[in-house]
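To start, the structure itself, in structure tokens.
The values are calculated or read from the model by the stated rules, or taken from the named source; none is laboratory data. Predicted, not measured: the structure shown is a model, and the values here were computed from it. So basically every Cβ, Gly included, is an ideal-geometry build from the backbone, and we count neighbours across all protein chains shown. What goes into the accessible areas is simple: the full protein's heavy atoms, side chains included, and nothing from ligands, DNA or RNA. Shrake-Rupley method; radii C 1.70, N 1.55, O 1.52, S 1.80 Å.
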Amino acid sequence: MFRSLPDRLYKFEDFTARALLNLKSQIVYFGSPRNFNDPYDCAITPEIRQPSDEVVEEIRRRYLDDRDLPTKTREEFLSKSVEELRQVYVRSAHAALRQQIDSVVNTCGIACFSERKDDLTMWSHYGGRYRGFCLGFATSHELFSRARPVKYVDKMPSYDAGNIIYDRLGFDPLELLCTKSLAWSYEREWRAIHKVGGTAYVYPPDTLTGVYFEPDIDQQALEIVCLILAGQNDRVRFWRGRRSTSEFRVLF
């Protein structure tokens, strides 16, 4: 289902020296997807669907029509059966797809955000086990101009081998970087992707609109965060969280 970019996106932080330095420097870090905690995240191997007999023969004919086709390759196309060629196409398509995915994953950086600031599981996984803080960003700024929603699915994506060989698919490797298991759907995640991993993006002060503190955060830690921002962002608002008495969520 299509999700439009919300007015605000949120980034959960543990109370660490690195998080505080990034806050002071007004930095969002684009980390390598190789370090993500989901073993399937950015490591999906799509299913390659086998082409029909008609598609196999069509590809054979197109290659044979190429006058520059090397003699040895031409002989192979002429001698192989439909089933043999089908398996060659599947292997070739799989290798081409893997190469495209790896070339992007090995070089790009990703910054992860969520549509939610009140989810208990998010606070547990990413907010220092209820002792961290959460940053609220206005998505009208350039940082989010190419943000993509994560798509949650229950099956691996699949592509047709014939389409990949002829590049009729219009395959976008970034699509797979924003595809995750349905088990992670509670995150309601959005991803900003930079072509160079390890990039520290400096955002304007008014991009950060709010800081949200979990109920269990240490009072001194809360004051440190407030002091860091006091001299550089006079518009940011601070919100103290409390546990709801009627729902399993945090209220601010």
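Things worth noting here:
- FRET efficiency for the Cys226 to Ser140 pair, using the beta carbon distance and R₀ = 35 Å, is estimated at 0.90.
- With 23 Å as the limit, the listed pairs Lys24/Lys180; Lys117/Lys151; Lys24/Lys117; Lys24/Lys195; Lys155/Lys195; Lys11/Lys155 have Lys24/Lys180; Lys24/Lys195; Lys155/Lys195; Lys11/Lys155 beyond it between alpha carbons.
- At R0 = 41 Å, FRET efficiency that the Cβ-Cβ distance of Phe238 and Glu54 yields, to 0.05: 0.05
- Accessible area expressed per residue, segment 35-194, with surrounding protein chains retained (probe 1.4 Å, Å²): 53 Å²
- Toward the positive end of the charge dipole of segment 208-249, with +1 on the Cβ of Lys and Arg and -1 on the Cβ of Asp and Glu, the farthest Cα among Ala230, Gln219, Ser246 is that of Ser246.
- Rounded to the nearest 20 debye, dipole of segment 48-195 from Cβ charges on Lys, Arg, Asp, Glu: 580 debye
- 222 nm mean residue ellipticity, helices alone, for the chain (DSSP H n ≥ 4; -39,500 (n - 2.57); rounded to 500): -10000 deg cm²/dmol
- Cα-based shape type of segment 130-252, given that a ≥ b ≥ c are square roots of the gyration tensor eigenvalues and the cut on a/c is 1.5: oblate
- Within the straight-line cut-off of under 20 Å between alpha carbons, the lysines reachable from Lys80 are Lys72, sequence neighbours fewer than 8 places apart in one chain being disregarded.
- Per-atom-type breakdown for the chain gives carbon and sulfur 50% of the accessible area (1.4 Å probe, protein chains only).
- Placing dummy labels 7 Å off each Cα toward the beta-carbon, the span from Asp65 to Leu5 is 4.2 nm.
- Using alpha-carbon coordinates, inclination of helix 53-64 to the longest axis of the chain, degrees: 70 degrees
- Cα-projected label distance for Asn35 with Ala17, points at 7 Å along beta-carbon direction, nm: 1.5 nm
- Extension gain for the segment Val196 to Lys72, taken as residue separation times 0.36 nm less the Cα-Cα distance, is 40.6 nm to one decimal.
- Reported label for calculated mean projected area of the Cα convex hull in nm² given (1) 13.1; (2) 13.7; (3) 16.7: (3)
- Residues in segment 141-159 reached by a label modelled at Glu175 [backbone nitrogen below 16 Å; 7 Å Cα→Cβ]: 148-159
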